[in-house]
Amino acid sequence: MAYEVFDHLSDAVAILAPDRRLVYLNQSALDIPREELSVILASAKGQSKFELALSSRNWTIFTYAQEGMTILICKAELGLDQRAQRVKTQFSNQIQNGITPPEAAARLLYQELGWKWIAVAHYLDDDRFEVDAFLEDGTLYGPLILDIADTPCEVVREAENFVYLNNVGKRFKSAGELGAQNYAGLVYRSSCGEEIGHIYMLNDSEEVDITATSCILGVLCTELGIFLELESAKQALETSREISLTDPLTTIANRRAFDEDLQSGLDTANKNGDDAVIIFFDLDGFKLLNDAYGHEVGDQALIKTAEKARDLCSKNCKIYRYGGDEFVILSTAPERWYRDLLEDKRSMLEAYLSAQGFRNLGVSIGAATYHEAQSNKENMLRLADKRMYEDKRERKQTSKNEVA
C-alpha cells in the first residue's frame, strides 16, 4: 500500500497491520498527544465510525479495511477551551494586521458561531449606543447610532452576565423586523468594572449552540475590554508626553523637545550624509515692552512670534521656544534658511510683529550648520548662539549710528 497519499492530509491518519501493529502515522497524527493516540487506536475495533471526547479535543474517527490493513481517519473538533484560546490568538493577530478591534471581534464571532447578525457597540450615554461593526451574513456595515430603550440590548445592559433570549422577534419590534428568532448578548467592561459597550448577536434559526456562544462571546468581550483599556492608557500616556514637550504659552515645542529632536535629527542627517542647521533668534526690545506694558502684552508678543515663525517653517523645519523670548529652529534643509534667506525671514517676522502692534520689536538671528561645526552638537549650539549675539550687537551699533 502506498502511504504517501496520506502525508499531507490535515486530518490525522493511522494505519494498523492485521495483527494491530502500528505501521503508519501521517504528520497530523504525530501531533496528537501520545496517550490520546493510544486511546484512539485501542478503540478502533470493529466500528466504521465512532466518537471520542478526549482532553485536547473531540474526535470523530472513521475506519476502513483495505488489503488486510485498518485505516483510521481522525477528524478533530476543538474543545471549548482550545477554541477559546484560538480565538484569543486570532483576535490579537488581526489587530496587529491593522483590523480594528470591533471588526475583528465581529468577524471572529461570525466565523466561530455563524449567527446571522453580529454587532459590536459602545455606549454613548444612558440612552444611546453606537455600533462600530455590524455584520449581516458576513458583510460589514456601520457605524450606526441606535436607541437602547425597548430593545433586547436594554436587557443586556441591565444584566450582569451572558443573556440569551428566544422568540426575540415576537418580544421586540426591532428584532422582529429583521426576522430574528433568538438573541445573545454580553456587556464588555474595563478592568474596574465600568461598562464600555456590548456585543450582541441575532439569528433567524433556532439551531444555535448556546454553550459555545456563551464561551466565545465571553472571551471576546474580555479581550475587547482589555484592549480598549490598554489603548486608552496608551493614549493618555502619549498625551501626557506631548504636554511635557509643549510650551504652554505659545503651544509650540519646548526646550526639552528640542534637546530630544536635535540629537535624533543630527543622527539621521549624519546617517543620510545630509547637513542640518539650527537658527537661534530672540526679540530685541522685549524687556522694554514687558516693563512698559506688562507681562500680558509681552506674552501676546511671544504668541504672535511663535505663530508667524511656525508659518515660515517648511516641512523640514520645526520651531521651539528655547526660553524667555528666545526661540530656536531646527532644519534638515539648511539651504532653505541659511545665508540670504535668513535675512528674508527676519524681515517677514519683523513686519508681521509691527502689523500686530509691536513696532519697536526687532529680531536678532544666528545660525550654524552641523558640518561647519565639525559634526559636533555642542559646537553647533555655541556657534549659533554666538552669531545671534554678534548680530544683536551689530544691529544696536547700526541703530546708534543712524541716530547719530
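The values are calculated or read from the model by the stated rules, or taken from the named source; none is laboratory data. What you see is a predicted model, and the numbers here were worked out from it, not measured in a lab. Heads up, the Cβs are rebuilt from the backbone with ideal geometry, glycines too, and the neighbour counts pull from every protein chain shown.
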Cβ pairs under 8 Å, 6+ apart, first in region 314-326 and over 14 Å from Ala276 (Cα atoms), second of a type outside the set (Lys, Arg) and surrounded by fewer than 17 Cβ atoms within 10 Å (Cβ to Cβ) = Tyr320/Asp261; Arg321/Leu249
So which strands (runs of 3 or more DSSP E) stay within region 132-206 end to end and still have 1 or more residues that are polar (S, T, N, Q)?
-> 139-141, 163-166, 182-189, 195-203
Mind checking which residues of region 55-82 are free of Cβ contacts under 8 Å to residues at least 60 places away in the same chain, assigned to a strand (DSSP E or B) and farther than 20 Å from Ser28 by Cα?
-> Ala65
Expected output for region 142-168 (first residue in the same structural domain as Asp209 (by TED's automatic domain parsing), partner of a type in the set (Val, Ile, Thr) and in a loop (DSSP other than H, G, I, E, B), Cβ below 7 Å, 6+ apart or cross-chain) is Glu154/Ile148; Arg157/Ile148
Determine, yes or no, whether Ala53 is aliphatic (A, V, I, L, M) and surrounded by fewer than 15 Cβ atoms within 10 Å (Cβ to Cβ).
-> yes
When region 235-281 is checked residue by residue, the ones that are among the small types (Gly, Ala, Ser), over 18 Å from Arg382 (Cα atoms) and in a helix (DSSP H, G or I) are Ala236, Ser240, Ser244, Ala257, Ser264, Ala269
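Please enumerate the residues belonging to region 281-325 that are among the charged types (D, E, K, R) and within 22 Å of Arg256 (Cα to Cα).
Correct list: Asp282, Asp299, Lys304, Glu307, Lys308, Arg310, Asp311, Lys315, Lys318, Arg321, Asp325.
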If a residue has to be under 13 Å from Gln47 (Cα atoms) and out of contact with any Asp or Glu (no Cβ under 7 Å at 6 or more places or on another chain) to count, how many in region 62-91 make the cut?
-> 7
Which residue pairs have Cβ atoms under 8 Å apart, sit 6 or more places apart or on different chains, and have a first residue in region 83-94 that is over 14 Å from Phe227 (Cβ atoms) and a second that is not in a helix (DSSP H, G or I)?
-> Arg86/Leu78
Scanning region 271-306 for residues that are under 34 Å from the mean Cα position of the chain (by Cα) and at pLDDT 95 or above, the one surrounded by the fewest Cβ atoms within 10 Å (Cβ to Cβ) turns out to be Ile303
Members of region 282-311 found to be outside any helix (DSSP H, G or I) and of a type in the set (A, V, I, L, M, F, W, C), listed by number = Leu283
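Results for (1) touching a Gly at 6+ places or on another chain (Cβ under 6 Å); (2) closer than 12 Å to Cys221 by Cα, shown as yes or no for each residue.
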| site | (1), (2) |
| --- | --- |
| Arg86 | no, no |
| Phe91 | no, yes |
| Ile95 | no, no |
| Pro101 | no, yes |
| Ala106 | no, yes |
| Tyr110 | yes, no |
| Trp115 | no, no |
| Ile118 | no, no |
| Leu124 | no, no |
Check region 112-123 and report whether any residue there is in a helix (DSSP H, G or I), touching a residue at least 60 places away in the same chain (Cβ under 8 Å) and more than 16 Å from Val208 (Cβ to Cβ).
-> no
Considering only residues that are at pLDDT below 90 and surrounded by 15 or more Cβ atoms within 10 Å (Cβ to Cβ), look in region 57-68 and name the one that is nearest to the chain's Cα centre (by Cα).
-> Arg57
Pick from region 189-216 the residues that are closer than 21 Å to Glu136 by Cα and among the β-branched types (Val, Ile, Thr): which of them is surrounded by the fewest Cβ atoms within 10 Å (Cβ to Cβ)?
-> Ile210
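Test of understanding: among Ser55, Ser28, Ser38, Ser10, which residue is over 30 Å from Thr213 (Cβ atoms) and of a type outside the set (A, V, I, L, M, F, W, C)?
Numbers: Ser55 fails: over 30 Å from Thr213 (Cβ atoms); Ser28 fails: over 30 Å from Thr213 (Cβ atoms); Ser10 fails: over 30 Å from Thr213 (Cβ atoms).
None of the other options fit; the residue is Ser38.
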Looking for whichever is surrounded by fewer than 17 Cβ atoms within 10 Å (Cβ to Cβ) and modelled with pLDDT of 90 or more here; the options are Arg359, Arg339. Which one fits?
-> Arg359
May I ask you to verify whether Leu186 is surrounded by 13 or more Cβ atoms within 10 Å (Cβ to Cβ), touching a residue at least 24 places away in the same chain (Cβ under 8 Å) and within 21 Å of the chain's Cα centre (by Cα)?
-> no
Take Ser92 and decide whether it is among the hydroxyl-bearing types (Ser, Thr, Tyr), part of a helix (DSSP H, G or I), at pLDDT below 95 and within 19 Å of Ser190 (Cα to Cα).
-> yes
